[in-house]
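Report on the following structure.
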Amino acid sequence: MLSAIIRIRDKGSRVIERGTDDIFRKIADDLGVIPDNRVRVFVCVEGPNDVAFLKNIAKVLLTEGDVAGFDPDDTPEVVFLPLGGSTLQDWVNSYYLRPLGRPEIHIYDRDSGKPKYEEQVNRVNARKDGSIAFLTKKREAENYLHRDAIRKVMNIEVDVSDDNDVPEEVARAIHKSEEGAVSWENLSDEKKRKKINRAKRRLNTEVAAVITKHHLQERNALDEIYEWLYAIKALIKDVQ
């Protein structure tokens, strides 16, 4: 993914800068001029689906009266940042958000096999500014969901374990339910990818919005989610 920033020159002309080594530092510097001193913590994740998942879980717990919950849309102290898989290492290794003077909470997928961002998690946790990084104990956000919530929203049956590829299994099940559909194996890689991405988006938006605290307990996920949310809320209070 090519990143760019539009800058205004002294005489008002605009120039597009692309692909430079310090492009992310410049973006962070520009963010620093936003006139909102209420921001207390940046929550950094891999992508938009992870943002949707965390926001929905925080809202669900708030609705159920749990003190760990909060409304992300009414909490200006917290800014969620999807760093993007292709640029995440640059954000962390070069510490581009440092000029903003705010601690960061990083939550990255454990994935399958060796965690892709283990080094970045260690780098963040080695900082001395209150920042904290977590690797999920389950494969990815979708593995924290519950099969009953998926059934309720999508009317399909799939297994959800700590390690299976939930978006692909959901995409396969939805495809199989379509009348006259060819077998999943006969689909092109591009069509499979689109169906999996669509399933992933729905899981983190629609399904995560209807999951319950009881579901999270059944998935042995609640204590870990508490750890993330309490870390965020502690920084809201501590940073002055």
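The values are calculated or read from the model by the stated rules, or taken from the named source; none is laboratory data. No experiment lies behind these values; they were computed from the predicted model shown. Reconstructed Cβ throughout: ideal geometry from the backbone, glycine too, with neighbour counts over all protein chains shown. Side chains are part of the model used for accessible areas, which takes the heavy atoms of the whole protein and leaves out ligands, DNA and RNA. Shrake-Rupley method; radii C 1.70, N 1.55, O 1.52, S 1.80 Å.
Being in contact with a Phe, Trp or Tyr (Cβ under 9 Å, 6 or more places away or on another chain) and open to solvent by less than 10 Å² (accessible area, probe 1.4 Å) is a property that holds for Leu145.
Beta carbons closer than 8 Å, at least 6 apart along the sequence or on distinct chains, pair a first residue in segment 162-191 that is under 23 Å from His215 (Cβ atoms) with a second that is open to solvent by 60 Å² or more (accessible area, probe 1.4 Å) and assigned to a helix (DSSP H, G or I) for Pro167/Asn197; Val170/Arg202; Ala171/Arg198.
Listed by position, the helices (runs of 4 or more DSSP H) enclosed by segment 132-226 that each have at least 2 residues that are charged (D, E, K, R) and within 18 Å of the chain's Cα centre (by Cα) are 189-202. Count of segment 88-125 residues, restricted to those that are modelled with pLDDT of 90 or more and open to solvent by 40 Å² or more (accessible area, probe 1.4 Å), is 6.
The set of residues in segment 38-87 being open to solvent by 10 Å² or more (accessible area, probe 1.4 Å), among the aromatic types (Phe, Trp, Tyr) and not in a loop (DSSP other than H, G, I, E, B) consists of Phe42, Phe80. Between Ile156, Ile211, the distinction of being open to solvent by less than 40 Å² (accessible area, probe 1.4 Å), in contact with a helix residue (DSSP H, G or I) (Cβ under 9 Å, 6 or more places away or on another chain) and touching a residue at least 60 places away in the same chain (Cβ under 8 Å) belongs to Ile211 only.
Collect the residues in segment 130-139 that are touching a residue at least 40 places away in the same chain (Cβ under 8 Å) and of a type outside the set (A, V, I, L, M), keeping them in residue-number order. Scanning segment 130-139 gives Gly130, Phe134, Thr136, Lys137, Lys138.
Here Arg102 clears all of (1) farther than 14 Å from Leu81 by Cβ; (2) part of a loop (DSSP other than H, G, I, E, B); (3) touching a residue at least 12 places away in the same chain (Cβ under 8 Å); (4) not hydroxyl-bearing (Ser, Thr, Tyr) except the condition numbered (1).
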